[in-house]
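Accompanying notes for the structure given below.
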Amino acid sequence: MLIRKAPDVRYSEVTPKSFYVRRREFIAAAAAAAVGAAAAFSPAGTGRARAQGARAKLPNVRKGPFGTDEKLNSFADISGYNNYYEFGADKDDPARNAHRLVTRPWTIRVDGLVKSPASYDIDSFIKPHPLEERIYRLRCVEAWSMVIPWVGFPLADVIKRLDPLPSARFVEFTTLNDAKQMPGVRVPVLDWPYVEGLRIDEAMHPLAILAVGLYGEVLPNQNGSPIRLVVPWKYGFKSIKSIVRIRFTDQQPRTAWNVANAREYGFYSNVNPTVDHPRWSQATERRLGEFFRRKTLMFNGYGDQVASLYSGMDLRKYY
Ligand SMILES: Nc1nc2c(c(=O)[nH]1)N[C@H]1C(S)=C(S)[C@@H](COP(=O)(O)O)O[C@H]1N2
Ligand SMILES: [Mo]
């Protein structure tokens, strides 16, 4: 297999210190090259075979708080059964198509009500943040769920560093929208790009993270590489993938699913077994890999941590 050298590291320049600080960038670039090569060289490979091509191990991942001790879903389930409509609407489409996504170089634009609007290279955006493993349940609005060992860092730490103005009440996230890489955006299921948002106090909650990996390795593209949101007490569609823009605002963001169908998808989207989707019950769910359905828990089981964010709110009205 041909793996080209990371373009931004000249070996003659590398001192131990600068090697250490650039290591993450290097590994990310090597991973991107390896995944690209694996995809190119797997003859008629299935999506899953492509998805399981070599991905880089993330260095220095420490154990984070809030982990569940439930049985993890397999890597094959987590990377083979996805919602990522930019790559197709069937659960196996993202694994088959997302190798087309080029995740380096990658820029994140930060704007709106923030002290210094700026664009950041993904690796310098990630670099200040120590990586943690967070094992979370993900509950899809379609009533299936998984347990996923994410690698990421608190969104709160990112927001503190970006320094929004006191007038910022919400944070909005936007996914890449590129028809050349994403065949699904030619299909008008949503008003692209995919947009999601949180109230600032929700975004500052220590459970909310930005993820860059899973199972200790760089995120497979179909799971939202190079960086995606994970908000475990909300339905999975809040956890927006492949983010290119973070905007601070004083208005509630117009989120993609809410714009598409406000009756079915609210802004809050907290997991709530007592409020049914107009077309199906939310009382139970099927954990991938299990036969019997299980009861869905309020706030996906994270109520002790997050219920106070919504005290005094009618969660039937603010679904
Ligand atoms: N950009 C984008 N982000 C997205 C989606 C999508 O279609 N596009 N699907 C959402 C939905 S419905 C779910 S359940 C989760 C699935 O995340 P996973 O594939 O990593 O399990 O991603 C969410 N983020
Ligand atoms: Mo979902």
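Taking θ as phi - 60°, what are the ³J(HN,Hα) couplings along the range 288-297 by the Karplus curve (6.51, -1.76, 1.60), each to the nearest whole Hz, with x for Gly and Pro?
Listing the rounded values in order: 3, x, 10, 8, 7, 6, 10, 5, 7, 9 Hz.
The range 220-270 to the range 53-68: how many Å between their Cα centroids?
23 Å
Around residue 114, which amide H atoms from residues at least 5 apart in sequence, or from another chain, sit under 5 Å from its own amide H, with H modelled in the peptide plane?
165
Taking the Cα-to-Cβ direction at residue 111 and at residue 295 and moving 7 Å from each Cα, how far apart do the two end points lie in nm?
Computed distance between label sites residue 111 and residue 295 equals 4.8 nm.
Which loop-located trypsin sites (Lys or Arg not before Pro) does the range 82-172 contain, where loop means any DSSP state but H, G, I, E or B and the Cβ has at most 12 other Cβ atoms within 10 Å? List each step's numbers first, then the result.
Values: sites: 91, 96, 100, 109, 115, 134, 137, 139, 160, 161, 169; in loops: 91, 115, 169.
When the trypsin sites (Lys or Arg not before Pro) of the range 82-172 are filtered for loop state and at most 12 Cβ neighbours within 10 Å, 115 remain.
With r as the distance between the Cβ atoms of residue 305 and residue 124 and R0 = 22 Å, compute the FRET efficiency 1/(1 + (r/R0)^6) and round to 0.05.
Working: r = 31 Å, r/R0 = 1.40.
With R0 = 22 Å, the Cβ-Cβ based efficiency is 0.10.
Give, as a single signed number, the net charge of other residues whose beta carbon lies under 13 Å from the beta carbon of residue 159, with Lys and Arg counted +1 and Asp and Glu -1.
Result for the local shell: +1.
Using a cut-off of 13 Å between alpha-carbon atoms, which aspartates and glutamates can reach residue 234, once sequence neighbours fewer than 8 places away in the same chain are excluded?
142, 196, 202
Only four residue types carry charge here, +1 at the Cβ of Lys and Arg and -1 at the Cβ of Asp and Glu. Report the dipole size of the range 11-310 about the Cα centre in Debye, rounded to the nearest 20.
360 debye
Using a simple spin-label model with points 7 Å from Cα along the Cα→Cβ vector, what separation in nm is obtained for residue 259 and residue 54?
4.1 nm
Which shape class, rounded, prolate or oblate, goes with the range 11-310 when its Cα gyration tensor gives a ≥ b ≥ c as root eigenvalues, a/c under 1.5 marks rounded, and past that a/b bigger than b/c marks prolate?
In terms of gyration-tensor shape, rounded.
Can you list residues whose amide H is under 5 Å from residue 245's amide H, if they're 5+ apart or on another chain and H is modeled 1.01 Å from N?
109, 174
At a Förster radius of 35 Å, what calculated FRET efficiency corresponds to the Cβ-Cβ distance of residue 77 and residue 280, to the nearest 0.05?
0.95
Hey, what do the phi angles of the range 173-179 turn into as Karplus ³J(HN,Hα) couplings, whole Hz, using 6.51/-1.76/1.60 and θ = phi - 60°, x for Gly and Pro?
10, 10, 8, 3, 9, 9, 4
Which of the lysines could a cross-linker span from residue 238 if the Cα-Cα distance has to be under 30 Å and same-chain partners fewer than 8 positions apart are dropped?
57, 63, 71, 91, 115, 127, 160, 180, 295, 317
Which of the trypsin sites (Lys or Arg not before Pro) found in the range 223-254 are in a DSSP loop and have at most 15 neighbouring Cβ atoms, other than their own, within 10 Å?
Listed in order of number, the matching sites are 254.
Hand me the trypsin sites (Lys or Arg not before Pro) from the range 286-319 located in a DSSP loop with no more than 15 other Cβ atoms within 10 Å, in residue order please.
Sites meeting the loop and neighbour criteria: 293, 316, 317.
Every number here is computed from the coordinates shown, using simple stated rules; none is lab data. Being a predicted model, the structure only gives us computed values, none of them experimental. Note: ideal-geometry Cβ built from the backbone for every residue, glycine included; neighbour counts use all protein chains shown.
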